1. Using the eigenvalues of the Cα gyration tensor, what equivalent ellipsoid semi-axes result for region 119-176 when each is taken as the square root of five times the eigenvalue, whole Å, largest first?
2. Determine the sum of side-chain charges near S119: Lys and Arg each +1, Asp and Glu each -1, restricted to other residues whose C-beta is under 11 angstrom from that of S119.
3. Assuming R0 = 22 Å, what is the FRET efficiency of L13 and N98, from their Cβ-Cβ distance, to the nearest 0.05?
4. When the Cα atoms of region 57-176 are enclosed in a convex hull and the volume is divided per residue, what value in Å³ results?
5. Between D116 and D68, with labels modelled 7 Å along Cα→Cβ, what's the label distance in nm to one decimal, could you check?
6. State the three equivalent ellipsoid semi-axes of region 60-115, derived from the C-alpha gyration tensor as the square roots of 5 times its eigenvalues, in descending order and whole Å.
7. Among 129-142, 69-82, how do they line up from the highest to the lowest mean number of other beta-carbon atoms within 10 Å?
8. Determine ³J(HN,Hα), in whole Hz, for all residues of region 158-167 in sequence, where each value follows from phi through the Karplus function 6.51 cos²θ - 1.76 cosθ + 1.60 and θ = phi - 60°; x replaces Gly and Pro.
Amino acid sequence: MLTSPEYDRRRPLAYFLTWTCYGTWLHGDERGSADRDHNVYGTPYLPPDLRRNRARPERLDQLPYELDELRRDAVLDAIRGHCDFRGWTLHAAHVRSNHVHVIVSAAIAPERLLNDLKSYISRRMNERGLDASQRKRWTRHGSTRYIWTKEALAEKVTYVVHQQGKPMSVFFVTAK
């Protein structure tokens, strides 16, 4: 029997999703980045490249987008609401000034989860009048990592909640 990407008995326990705000984490950044040629799990990120990093802002058609406290809280509220509405299990989320981490369990492909969350968040922020409706908030894609074990899930939740520096807008479910 063939299986589709939407249904697979070998589905991971959860997904660890990360995406950045538009223009805040450009290729060549010293923190590392991924492009089409450096986007395979387990392979190195792009090496830092000061020249490439400095050239990128000239290619932006809007200013970089950063999340202040009001916007971070709105993003977290939208994530929680959308997961609840869809019946997805939200394990943890941490909304930072220039990126978002989400750990969620759902029976759909992680790329769709990522896109659904980013779209829903943007709609909610538009409804609240937090930005112009044409404002670019997010990078084109993001990171979609699979979590296969309870130990890995606990490790990633700890990373998202406690290892991001000063906590900003955070949600997590305590272990039972």
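What follows is calculated from the coordinates using simple rules that are stated; it is not laboratory data. Remember, predicted model here, so these are calculated numbers, not experimental data. Note that each Cβ is placed from the backbone with ideal geometry, even for glycine, and that neighbours are counted across all protein chains shown.
1. Equivalent ellipsoid of region 119-176: 29, 15, 11 Å, largest first.
2. +4
3. For R0 = 22 Å, the calculated efficiency reads 0.20.
4. 118 Å³
5. Label at D116, label at D68, 3.2 nm between them.
6. Over the Cα atoms of region 60-115, the ellipsoid semi-axes are 23, 14, 9 Å.
7. Highest to lowest by the protection proxy: 69-82, 129-142.
8. Here the 3J(HN,Hα) series is 4, 4, 5, 7, 10, 10, 10, x, 4, x Hz.
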